[in-house]
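One structure is given here, and the rest of the page talks about it.
The values are calculated or read from the model by the stated rules, or taken from the named source; none is laboratory data. Since the model is a prediction, treat every value here as computed from it, not as a measurement. Here Cβ is always computed from backbone atoms with ideal geometry, including for glycine, and neighbour counts include all displayed protein chains. Surface areas here come from the heavy atoms of the whole protein model, side chains and all, with no ligands, DNA or RNA. Shrake-Rupley method; radii C 1.70, N 1.55, O 1.52, S 1.80 Å.
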Amino acid sequence: MGKRRKPSPPSRARMAVLTTAMAGGAVLAAGTAHAEPAPSLASVKEQVDKLNEEAEQSIEQYNGFKDKQQKLQTEANRIQEKVARGQDAMNELRTRLGAVAADQYRNGGIDPSVQLMLDSDPAGYLERASAQNQVADTQTALLKQAQTEQRRLDQDRAEATATLAQLDSVGTELAARKQQIQTKLAQAQATLNKLSAEDRARVNAQQAAEKAKAEAQQAAAADRASRSAARPDLNTPAPPAAGGRAAAIVQFAYAQLGKPYQWSATGPNSFDCSGLTGAAYRAADVKLSRMSQDQWNDGPRVARADLQPGDLVFFYEDIHHVGIYIGDGKMIHAPRTGKNVEVLPISAMPYMGAVRP
């Protein structure tokens, strides 16, 4: 057998051609990888709906922390005022004890018990002074009063410190929830921005149509209220006649149709979901909790078959959305950012139950 010849290395010219071809292929591949197709309208809608739902969950949590912050701030103000009054009382007692000391000094010396009160810790002076038989009967009442006031003042100061620390903690959590909301809403907008120009135009047209529908419902509700006549073209139940709590709740809800959703808003110009329900019930002199999850516990449960206008209807497993039932299987609710207060069938979302506060 003859010896095999080793293949000759490619020439410089051939190498240049191969290198150029490979580079071109790489550029083509890279260009193809970056030319991602625009997402479909359906997939974007699904992503945006999910992000808006997550944002609403954070909004309801934010509402709860905000409500707690307001209550803690009120409590902190009350305790601090109490501390200020206690300090004024202690200052007055010290002035009276100082007058006793001055009188004793003019008459030959200061009683050790008074000196002890003025110069050391008031909380422990009485025990030590009593052990030394240093408290005169004429001063006992004044000294005991001072001791009682000092103990009360110390307790109030400790309570104020604890409440303010809790307030700081809630404020930190409030800021975190706010950041979560803003992040989710920004992600939703970024997802919408990925749509093609044609699909964005469709979304804008849909939003305009929804706004027009909500405004038409609001106009129809106002027309019904003034003429007590139905407008069947909108297929919306008429508000109940005037009189009664349920009527006040539902009529208030109808009057808000077309107003924009705004997270953490309670009216009068915009609302979030639990802000709308709370405002409607206030119109009937009924106070609800701020969060939808807490409103779920503001009244007895009502079976779906027994729903009446004015009942609160709740959605999703964690009860993060609430609306006002108006009859005929429909509710008025504040949907989400970018939409307006509207009429919607309760079957449009995962229904969890109802209560009647």
Q. Which whole-number percent is the relative contact order of the stretch 253-343 (Cα, under 8 Å, 6+ apart)?
A. 34
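What is the stretch 257-309 by shape, rounded, prolate or oblate, if you read a ≥ b ≥ c off the alpha carbon gyration tensor as root eigenvalues and call it rounded for a/c under 1.5, prolate for a/b larger than b/c, and oblate otherwise?
Values: a/c = 1.91, a/b = 1.68, b/c = 1.13.
Cα axes put the stretch 257-309 in the prolate bin.
Return one whole number: the accessible area per residue of the stretch 239-311 in Å², for a 1.4 Å probe.
Details: 3210 Å² over 73 residues.
For the stretch 239-311, the solvent-accessible area averages 44 Å² per residue.
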Q. Between Q80 and R152, how many nm apart are label points set 7 Å from Cα along the C-beta direction?
A. 2.2
Q: Express in nm, to one decimal, how much length is gained between Y316 and A205 on full extension, taking 0.36 nm for each residue of separation and deducting their alpha carbon distance.
A: 37.2 nm
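Go ahead and run the numbers for FRET between A162 and D88, Cβ-Cβ distance against an R0 of 25 Å, rounding to 0.05. Present the calculation step by step, with values, prior to reporting the outcome.
Values: r = 22 Å, r/R0 = 0.89.
FRET efficiency, A162 to D88: 0.65.
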Q.
So if each residue of separation counts as 0.36 nm, and I subtract the Cα-Cα distance between V286 and N193, what length gain in nm does that give?
A. 29.2 nm
Q) Is the stretch 252-357 best put as rounded, prolate or oblate by its Cα gyration tensor, with a ≥ b ≥ c the root eigenvalues, rounded for a/c under 1.5, and otherwise prolate when a/b is larger than b/c, oblate when not? A) rounded
**Q.** R0 of 22 Å, Cβ-Cβ distance N269-E53: FRET efficiency to nearest 0.05
**A.** 0.35
Q) At what distance in nm do the modelled label points of S40 and A303 sit from each other, each positioned 7 Å from its Cα along Cα→Cβ? A) 4.2
